[in-house]
Amino acid sequence: MGEEFVVLSLAPMLIGVFAAVACAIPGNFLLLRRQALIGDAISHVVLPGIVVAFLVTGVVAAWPMMLGAGGASLVAVGLIEAIRRLGGIEPGAAMGVVFTAMFAGGVLLLEQSDTSSVHLDVEHALYGNLESLIWLDAQGWASLADIGALRGLPPELPRMALTLVLVTGLTWVFWRPLKLSTFDEAFARTVGLPVSLIGLGLVVVAAIAAVAAFDAVGSIIVIAMFICPPAAARMVTNGLEAQVAWSIGFAVLSAVLGYVLAGYGPLWLGFDDAVSAAGMIATVSGAILGLAAAFGPCRHRSGVSASAP
Amino acid sequence: MSVELVTTEANREDRDALAASPLAVRGLTVSYGEKPAVFSLDATFEQGAMTAIIGPNGAGKSTMLKAALGIVKPVSGQVTAWGEDLEEMRARIAYVPQRATVDWDFPARVLDVVMMGQYRKLGLLGRVKTKHMQTALHCLERVGMDGFADRQIGQLSGGQQQRVFLARALAQDAELYLLDEPFAGVDAATETAIISVLKDLRGLEKTVVAVHHDLSTVAEYFDRVFIISTSKVAEGAVADAFTQSNLQKAYGGRLATAQMGALG
Amino acid sequence: MIWDALTLQLGYNATLVTIGAALLGMAAGATGTFLFLGKRALVSDAISHATLPGVALAFVVMVALGGDGRALPGLLVGSALSAAVGLLCVSALTNRTRLSEDAAIGAVLSVFFGFGIVLLTVIQSMNSGRQAGLESFLLGSTAGMLWQDAMVIASGGAIVLLLVAAFRRPMTMVAFDRVFAASLAMNVPRVELAMMGLALAITVVGLKVVGLILIVALLIIPAVAARFWTDRVGHVVISAGLIGAVSGYAGAAVSATAPALPTGPIIVLVAFALFILSLLTAPNRGVFAVVLRHRRFRARVHVRQGLLALAQGQPIYEGLTLRLMRRRGLIRADGVATELGRTQAGKALRDERRWQLLRSDPAYEEAAASYDGLTPLDDVLTPDQLGALDRELQPKGVF
């Protein structure tokens with residue numbers, strides 16, 4: 001049991017956890033800034049990004065694809081901002097215009113180019129392939145101390161771990177400006193904070209987390225983890241620090257429980273095949289949000305003027 | 001200033017006025033769309049005084065303040081603080097925004113908000129020490145909100161929220177305090193508390209500028225007025241500028257409904 | 001080939017689908033306008049993603065009952081039911097908890113979609129599911145469509161369009177001004193429910209053609225594009241309907257010409273091209289027009305301020321003001337006023353003095369309200385009034 005777990009489940013589970021947490025942390029701030037759907041937009045434009053990267057380089061490799069996806073998310077954010085400002089269009093509609101058009105472009109490019117020889121399709125971008133990221137070189141828990149075996153870890157694992165460290169580090173360093181400018185942008189400006197730059201930085205960090213995560217776990221988890229754990233945490237506590245902590249907890253719980261249910265749940269019910277882990281992780285995060293919405297101690301709006309402009 | 005100006009004499013005098021003033025604007029025009037909300041304002045706020053910015057609804061009171069602080073971008077105009085570029089002087093300026101501009105459902109306690117006032121002292125990663133906490137608690141005490149430090153901000157009344165904002169400004173330990181409608185929709189106890197804090201500030205040689213809408217209290221609360229109705233109508237000591245004819249110019253027929261009793 | 005397609009000569013099914021797509025696009029453009037004007041454009045994104053579990057469950061149920069899991073009407077009923085549940089979740093999260101609507105939309109779309117993917121993998125492992133082809137609902141596919149399916153799409157498109165036409169008045173009222181609509185004793189929640197119902201119907205009909213990821217584009221892009229051309233609600237609705245119809249028609253027709261041209265993306269890209277055209281070139285709200293107008297406006301402000309300063313002997317601090325005045329020959333390079341500059345400065349000052357006088361005179365109350373520092377007084381007063389005002393100015397020796 002232990003050996004099988006290390007070989008088959010340890011790496012994907014860790015990757016799932018890292019991806020979930022890396023998305024949930026910036027998700028807290030996006031949620032409070034009413035930009036929760038930025039995650040939705042970014043994860044849709046990942047597809048054209050990787051297709052263009054493939055057409056340019058001719059190979060399906062992680063780094064070009066991530067660069068392509070990152071480039072596409074920056075283009076998307078820039079376009080959304082341009083349409084919002086130049087056209088005076090509300091942000092939701094501007095987002096809807098940009099990400100659907102870019103996604104459509106991605107699908108068309110994909111259909112028009114010869115990708116029959118490589119594994120590149122819409123489904124992959126949507127739900128990733130978490131289950132296939134196994135650690136073949138492992139012989140059991142002892143392999144964790146074996147350099148040779150560690151080299152055989154799927155490269156997604158160190159990449160996702162690095163992303164998580166980066167996201168956590170940046171959030172920690174810029175905690176105060178983030179909190180201040182999210183709560184009271186006008187005041188933050190008078191204190192001398194570069195408010196627009198902070199907003200852009202947050203979106204870029206979110207894009208980095210999304211791009212690193214989609215390759216391993218697909219877009220669905222990315223959108224779900226940007227929103228569901230922070231939203232659930234918001235209904236459990238009234239402090240920002242506590243909210244971020246809870247959201248990390250919910251993200252870990254969704255990833256672990258979702259992975260286990262996807263892999264072993266069907267077996268317990270008497271079926272042979274596992275179901276999509278990415279889908280199940282999103283489903284579990286939704287169940288957690290549902291419970292928090294029904295029973296969370298802080299689920300109701302507080303305040304005499306809860307509506308912000 | 002790279003260009004030589006039209007009248008050097010006027011220019012030199014104006015430079016002196018700018019240098020003496022904690023906040024001054026020249027030729028400030030702000031527009032949302034194609035109609036200026038504020039047109040070609042010159043204002044020179046006086047050091048150590050309490051000035052009320054008054055004018056009818058939609059006259060550009062708040063807009064003027066926001067543009068002076070760089071919160072909205074003007075079409076034209078320049079702003080100086082103590083004769084210098086505003087950005088250099090940020091540390092000496094405290095600001096109390098309108099209460100309705102933030103989401104009070106934000107996950108923060110009263111103390112968190114007051115601590116935000118000490119951002120410039122703490123910086124990105126500076127450790128919060130006991131003295132910072134004490135400063136924050138002391139500022140809460142000055143506005144009569146001690147005992148609320150751990151309260152979620154959404155659970156406060158409107159007046160209490162306004163006092164928390166004032167406490168945050170006090171924590172900035174500034175020399176110029178700019179307040180946007182501090183008395184709008186607050187209870188009588190809060191109004192008394194706020195005005196006594198502001199008068200204390202004046203006693204300490206600080207400068208206070210507040211957007212104000214209640215003409216009946218102008219003479220009682222403030223030393224000076226700046227009357228605006230898109231452009232400047234008058235600026236000066238209450239006794240000189242707060243006159244029937246100036247108010248008539250600014251408010252027009254609306255003056256009849258805007259507390260004529262104020263003029264006694 | 002493309003000409004054949006555009007003139008509907010590619011066979012009976014392709015013709016039906018093309019007409020259906022055009023009708024659907026028109027209905028979507030019009031309905032989307034109501035959502036967009038109510039600032040709720042992305043609700044449609046939650047609706048469309050929430051259809052997936054319904055499609056999958058309907059398949060499972062139909063197979064379990066011994067029928068054909070791929071029957072389009074059954075799948076569409078399933079998708080409508082689960083989209084309705086998704087919509088209920090969005091409104092429950094928004095109304096009963098502290099979450100804002102955008103967060104509720106994101107949560108519902110990702111969770112429903114994730115759950116739908118789980119169900120799809122379940123179906124793949126069922127024996128009968130090997131060739132279910134439910135993935136085609138993600139991106140839409142009209143290739144090899146059955147005649148019955150084409151009929152469902154064409155008649156579905158016609159029905160939603162009729163419904164939009166029937167409900168257009170109350171929906172226009174509510175989208176334009178909720179409060180006013182409510183004051184007319186209109187049942188606003190019910191009208192909004194109808195809007196959502198229509199969006200849902202469009203999503204369901206469009207699933208097979210455009211796919212659930214892209215159907216939202218048909219509800220958003222035409223409406224946003226149309227907004228650039230006109231300020232009147234009724235005209236926006238009609239223009240959006242036209243843009244949607246053109247996109248649907250051209251997209252479906254072009255895609256019928258080759259197998260590697262998927263319908264959904266082509267429709268969306270045609271709509272996007274029309275959007276970009278509108279964004280840039282629309283006469284009043286388009287980017288070119290707005291930028292040009294803003295620059296002119298800024299120049300007007302600066303020159304006016306410069307002239308007033310000149311007339312009153314005040315210093316001019318701003319470089320832009322000086323540059324603009326030099327370019328217009330109002331001041332010389334060394335900053336001294338030219339003849340023209342002095343004349344115009346005098347005029348500006350006289351206008352400003354007239355305004356000040358007018359504003360302190362209760363008799364001109366109404367005219368005074370239009371003061372903004374820029375408007376020439378000649379635009380506001382009749383020549384007679386102007387004369388009267390000048391007579392008041394003269395004796396006081398202001399001038």
For the stretch B:174-224, what are the residues that are of a type in the set (D, E, K, R) and either surrounded by fewer than 16 Cβ atoms within 10 Å (Cβ to Cβ) or in contact (Cβ under 8 Å) with a residue 60 or more places away in the chain (or both)?
B:Glu175, B:Asp180, B:Glu181, B:Asp187, B:Lys199, B:Asp200, B:Arg202, B:Glu205, B:Lys206, B:Glu220, B:Asp223, B:Arg224
Residue within the stretch A:249-258 that is modelled with pLDDT of 95 or more and either touching a Lys or Arg at 6+ places or on another chain (Cβ under 9 Å) or not in a helix (DSSP H, G or I) (or both) present
no
Selected residue [without any contact (Cβ under 8 Å) to a residue 24 or more places away in the chain and within 14 Å of chain A (Cβ to nearest Cβ)] from C:Ile215, C:Ile221, C:Ile276
C:Ile276
Failed item, numbered, when A:Cys298 is tested on (1) more than 7 Å from every other protein chain (Cβ to nearest Cβ); (2) at negative phi; (3) under 24 Å from the mean Cα position of the chain (by Cα)
(3)
In this structure, is C:Gly86 among the small types (Gly, Ala, Ser), out of contact with any helix residue (DSSP H, G or I) (no Cβ under 9 Å at 6 or more places or on another chain) and in the same structural domain as C:Leu52 (by TED's automatic domain parsing)?
no
From the list C:Arg359, C:Arg304, pick out the single residue that is under 23 Å from B:Asp42 (Cβ atoms), within 7 Å of another protein chain (Cβ to nearest Cβ) and of a type in the set (Lys, Arg).
C:Arg359
Run A:Gly258 past the list (1) without any contact (Cβ under 8 Å) to a residue 40 or more places away in the chain; (2) closer than 14 Å to A:Ala20 by Cβ and report the number of the one that doesn't hold.
(1)
Filter pass, A:Ser113 being touching a residue at least 60 places away in the same chain (Cβ under 8 Å), more than 28 Å from A:Ile281 (Cα to Cα) and either touching a Ser or Thr at 6+ places or on another chain (Cβ under 6 Å) or not aliphatic (A, V, I, L, M) (or both):
yes
Any idea which residue in the stretch C:353-372 is surrounded by the fewest Cβ atoms within 10 Å (Cβ to Cβ), counting only those that are of a type in the set (Asp, Glu) and part of a helix (DSSP H, G or I)?
C:Glu366
Those residues of the stretch A:50-98 which are of a type in the set (Gly, Ala, Ser), within 19 Å of A:Ala209 (Cα to Cα) and without any contact (Cβ under 8 Å) to a residue 60 or more places away in the chain, in sequence order:
A:Ala53, A:Ala61, A:Gly68, A:Gly71, A:Ala72, A:Ala76, A:Gly78
So which pairs qualify, if the first residue must be in the stretch A:171-195 and more than 8 Å from chain B (Cβ to nearest Cβ), the second must be of a type in the set (D, E, K, R), the Cβ gap must be under 8 Å, and the two must be at least 6 apart or on different chains?
A:Val195/A:Glu185; A:Val195/A:Arg189
Flagged pairs (Cβ under 7 angstrom, 6 or more apart or on separate chains; first in the stretch B:131-160, at the interface with chain A (Cβ under 10 Å from one of its Cβ atoms); second surrounded by 20 or more Cβ atoms within 10 Å (Cβ to Cβ) and among the basic types (Lys, Arg)) are B:Gly158/B:Arg99
Of the conditions (1) more than 12 Å from the chain's Cα centre (by Cα); (2) more than 7 Å from chain A (Cβ to nearest Cβ); (3) over 30 Å from B:Asp150 (Cα atoms), B:Gly70 clears all except one; give me its number.
(2)
In this structure, does C:Gly86 turn out to be within 14 Å of chain A (Cβ to nearest Cβ) and in contact with a His (Cβ under 8 Å, 6 or more places away or on another chain)?
yes
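Away from chain C (no Cβ under 13 Å), free of Cβ contacts under 8 Å to residues at least 40 places away in the same chain and touching an Asp or Glu at 6+ places or on another chain (Cβ under 8 Å): does that describe A:Gly249?
On the way: away from chain C (no Cβ under 13 Å): yes; free of Cβ contacts under 8 Å to residues at least 40 places away in the same chain: yes; touching an Asp or Glu at 6+ places or on another chain (Cβ under 8 Å): no.
Against the criterion (away from chain C (no Cβ under 13 Å), free of Cβ contacts under 8 Å to residues at least 40 places away in the same chain and touching an Asp or Glu at 6+ places or on another chain (Cβ under 8 Å)), A:Gly249 does not qualify.
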Only listed residue being free of Cβ contacts under 8 Å to residues at least 12 places away in the same chain, more than 14 Å from chain A (Cβ to nearest Cβ) and not charged (D, E, K, R), chosen from C:Val188, C:Val179:
C:Val179
Check off (1) away from chain A (no Cβ under 14 Å); (2) in contact (Cβ under 8 Å) with a residue 12 or more places away in the chain for C:Ala333 and give me the number that stays unchecked.
(2)
The number of residues in the stretch A:256-295 that are over 24 Å from the mean Cα position of the chain (by Cα) and within 19 Å of A:Gln243 (Cβ to Cβ) is 2
Out of (1) touching a residue at least 40 places away in the same chain (Cβ under 8 Å); (2) out of contact with any strand residue (DSSP E or B) (no Cβ under 8 Å at 6 or more places or on another chain), the odd one out for C:Arg304 is which?
(2)
Out of all the residues in the stretch A:54-61, is one or more assigned to a helix (DSSP H, G or I), crowded, with 20+ Cβ neighbours inside 10 Å and out of contact with any Leu (no Cβ under 7 Å at 6 or more places or on another chain)?
no
Considering each of B:Ala43, B:Ala59 in turn, give the residue that is under 17 Å from the mean Cα position of the chain (by Cα), closer than 23 Å to B:Asp214 by Cβ, more than 9 Å from chain C (Cβ to nearest Cβ) and assigned to a loop (DSSP other than H, G, I, E, B).
B:Ala59
Residues that are within 14 Å of chain A (Cβ to nearest Cβ), part of a helix (DSSP H, G or I) and among the charged types (D, E, K, R), drawn from the stretch C:1-60:
C:Asp45
Hits in the stretch A:184-194 - residues which are part of a helix (DSSP H, G or I) and in contact with a Pro (Cβ under 9 Å, 6 or more places away or on another chain)
A:Ala186, A:Phe187, A:Ala188, A:Thr190
Scanning the stretch C:211-250 for residues that are of a type in the set (Ser, Thr, Tyr), crowded, with 24+ Cβ neighbours inside 10 Å and within 17 Å of C:Gly38 (Cα to Cα) gives none
Any idea which residue in the stretch B:161-208 is farthest from the other protein chains (Cβ to nearest Cβ), counting only those that are part of a helix (DSSP H, G or I) and of a type in the set (Val, Ile, Thr)?
B:Ile195
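Any idea how many residues of the stretch B:95-113 are within 16 Å of the chain's Cα centre (by Cα) and within 8 Å of chain A (Cβ to nearest Cβ)?
Final tally of qualifying residues: 5.
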What about C:Thr230, is it free of Cβ contacts under 8 Å to residues at least 12 places away in the same chain, over 23 Å from A:Met102 (Cα atoms) and either under 17 Å from the mean Cα position of the chain (by Cα) or not in a helix (DSSP H, G or I) (or both)?
yes
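The values are calculated or read from the model by the stated rules, or taken from the named source; none is laboratory data. If you're wondering where the values come from, they're calculated on a predicted model, not measured in any experiment. Cβ coordinates were reconstructed from backbone atoms using ideal geometry, including for glycine residues, and neighbour counts include every protein chain displayed.
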